[in-house]
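Reading through the structure tokens given below for one structure.
The values are calculated or read from the model by the stated rules, or taken from the named source; none is laboratory data. In this text, all values refer to a predicted model and were calculated from it rather than measured experimentally. All Cβ positions, glycine included, derive from the backbone under ideal geometry; neighbour counts span all protein chains shown.
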Amino acid sequence: MKKIISSALLALSFLISIPAHADEPLKFGVKTGLNVSDFSFSSDVFDKTNQVGWFFGPTVKFTLPVVGLGMDASVIYDMRSAKLKHVSVDQSVKQQEIAIPINARYSIGLGSMANIFFFGGPQIAFNVGARNFEWTNGSNYALKKSNFSVNLGFGVTAFKHLQVSANYNIACGNTADITWKTAVDATSSAFKKKGSNNSSWQVGVAYFF
């Protein structure tokens, strides 16, 4: 937990230390939104439904001394869940993380009161929820301690304070490993160890003070 807090504070302090462009001072705000997750398994044993989640946390943005270019960063609590089914067993898997996305952004003005922007950048997330998930059929779902992903998206800023955005969060590498402790049936025994990843469509709303 100390490493997570230190990383979050370091990211925000780095952004605060960078001078803001005169036309748009450094702005702080809050951000919230919904996840529509895509749990992807390298095994056909599982069916998945109800892939939902949400996120919330502080955010900051500033412009660079080049017209249209800027950056933003956030420290958000990110929760994702999915209902998985194996044979006749239904279980819900929940992933809780502290995520730190840092994006480069390019804005196109639509007058003095609005603009559209495109953004992309890396995201590191630290697991703050359960480390393992036990299945009643004798298997173990082990969540990673940290995950790396990339965001690509677009949005609209209105009245200099309200921002609406949509992006795809692309998981880079496995989010978890599924390890079979015992052979449940002929199908599951063929999968000794399989990986999974968790990409997500995200729709967010931010308000800057």
Gly68 versus (1) modelled with pLDDT under 90; (2) surrounded by 15 or more Cβ atoms within 10 Å (Cβ to Cβ); (3) small (Gly, Ala, Ser): which is the lone unmet condition? (2)
Options Ala130, Ala142, Ala176, Ala125; residue that is over 17 Å from Thr63 (Cβ atoms) and modelled with pLDDT of 85 or more: Ala125
